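No lab work stands behind these numbers, since they all come straight from the coordinates. Worth saying up front: this structure is predicted, and the values here are computed from it rather than measured. Note that we place each Cβ from the backbone using ideal geometry, even for glycine, and neighbour counts take in every protein chain shown.
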Amino acid sequence: MSGQIETPADAGLLNAPVGQIAASRAGAASVFQTFGIDFCCQGKRTLAEALAGQGIAPSPVLAALMSAAAEPLDDWRDAPTPALIDHIKTRYHAVHLAELPNLRDLAAKVEATHRKHPAVPDGLAETLSRMIAELRLHQQREEVVLFPLLAQGGGEMARAAIQVMRAEHEDHGAVLAGIEAITGGRVAPQGACATWRALYLGLGKFHDDLMMHVHLENNVLFPRFEAEEEAGEGNPASGANH
């Protein structure tokens, strides 16, 4: 850490997986979103690995994490599995499918109206249409197949389904990266119309929602059942009530 002495607390954070930090430390998810650190699909990377991979200096991130620690933690780690699943379905599954079609329509309008503008997000409506179809199928598989298996205690079939869902989460992350590229980081050009600005604000909310959604599944829900493979069938993962 340039110009600073690394403390034991700093070292502990730098060596911890970013997904674990986001799940256990108040305000960490918001800090990671601010610095563009993927804590959901890439949640198994240590903070040091994530920072090095993105060329981010550790000092401001560590300072922000320390400052954010005073905030209350929206902690789902010890919530019963059925309650966590219900939260994911109502707060994220339903909201994604309610909001994305409107964002797609706004994107189509911006692309058509401003097609000659050099900053037009060309291809965004098509990308969002693909995202809607992929999310609808993904969430249906979770709600019809995976979540009932988890509610019944997990097992080998559940772990196999979790691996499929994790892979699809990686695909969602790639689509988010594509949206960032198409929109130039969701920064509307100077003088952009209200529709364009509303589109990018909505995309920002969707981006943050999807990151938190995948984080809750990858780093909080799924590990409860993946841990059973090591502990043996019938032994619930520690800290979780099935």
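Remark: the stretch 115-126, residue by residue, has Karplus-estimated 3J(HN,Hα) of 4, 8, 6, x, 9, 4, x, 4, x, 5, 4, 5 Hz, where x stands for each Gly or Pro and the curve is 6.51 cos²θ - 1.76 cosθ + 1.60 at θ = phi - 60°. For the stretch 8-68, the square roots a ≥ b ≥ c of the C-alpha gyration tensor eigenvalues yield an a/c under 1.5, which makes the shape rounded.
Between Lys44 and Lys109, the simple spin-label model (points 7 angstrom out along Cα→Cβ) gives 4.3 nm. The mean sequence separation of alpha-carbon pairs under 8 Å and at least six residues apart, normalised by the residue count of the stretch 93-242, gives a relative contact order of 27 percent. Here the gap between Glu156 and Gln140, fully extended at 0.36 nm per residue and compared with their Cα-Cα distance, gives a gain of 3.8 nm. Net length available on complete extension from Arg197 to Gln163 is 8.5 nm, with 0.36 nm assigned per residue and the Cα-Cα distance removed. Could you tell me the calculated FRET efficiency between Thr34 and Ala94, based on Cβ-Cβ distance and R0 = 22 angstrom, to the nearest 0.05? Here the calculated transfer efficiency is 0.25. Let a ≥ b ≥ c be the square roots of the eigenvalues of the Cα gyration tensor of the chain; is it rounded (a/c under 1.5), or, if not, prolate (a/b larger than b/c) or oblate? Because a/c hits 1.5 or more and a/b fails to exceed b/c, the chain counts as oblate.
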